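Here's the structure we're looking at; comments come further down.
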Amino acid sequence: MQHKYLSIYLNDHLAGATSGVELSRRIARAHRSSARAAEVQHLAEDIAEDRQSLLDLMRSLEVAPRRYKVYGGWAVEKIARLKPNGHAHRRSGLSTVVELETLRMGIQGKYLLWRALAAVSTESEGLDHSRLHELIDRAASQMAIVDGLHGTAARTVLAGGHGRREALRQAHPRPS
């Protein structure tokens, strides 16, 4: 594999993973009293573990994390909080809908990362094909969870006009 391009690619995904961890933790904090709090917290923990898996993979491939990209990913998530949501000083249910959409896009990107690496895993030392497929499966599961959370939040906010607290109230079983 081209180490230069691999380094850029993995560091770009590390920046995205950093944003994803911050966003998922913020969503979990905002909904810690909802009926789906445990599910959202577990999702945030999985996303943090996936970021660590990426760092472990980078280490095994001797790809150095670029701090400026990590800091950039962190800053992007913080700046995204400034987006107007229809309320001057607090979160709205719409914040949940948009944040879940953003999180879903990040998970989709991570899914595609794992698939791209799995596709070249037979040609490169340091890439564990079976581990990459575990990560692919976990990302697919995460997308399904976020899709369910998003559907609940969108129905509540857009059809019912309720606020943040009701956005994830409905309890749905976690997909296995």
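Report the trypsin sites (Lys or Arg not before Pro) located in the range 32-62 that are in a DSSP loop and have at most 11 other Cβ atoms inside 10 Å of their Cβ, or state none.
Those satisfying the criteria are 32.
Just the ratio, please: alpha-carbon radius of gyration of the range 4-47 over 2.2 N^0.38 Å, N its number of residues.
1.47
Per residue, how much accessible area does the range 100-161 have with a 1.4 Å probe, in Å²?
48 Å²
The values are calculated or read from the model by the stated rules, or taken from the named source; none is laboratory data. Treat the numbers as computed from the prediction; the structure is a model and nothing was measured. When we count neighbours, we look across all protein chains shown, and the Cβ atoms used for this are built from the backbone with ideal geometry, even at glycine. What goes into the accessible areas is simple: the full protein's heavy atoms, side chains included, and nothing from ligands, DNA or RNA. Shrake-Rupley method; radii C 1.70, N 1.55, O 1.52, S 1.80 Å.
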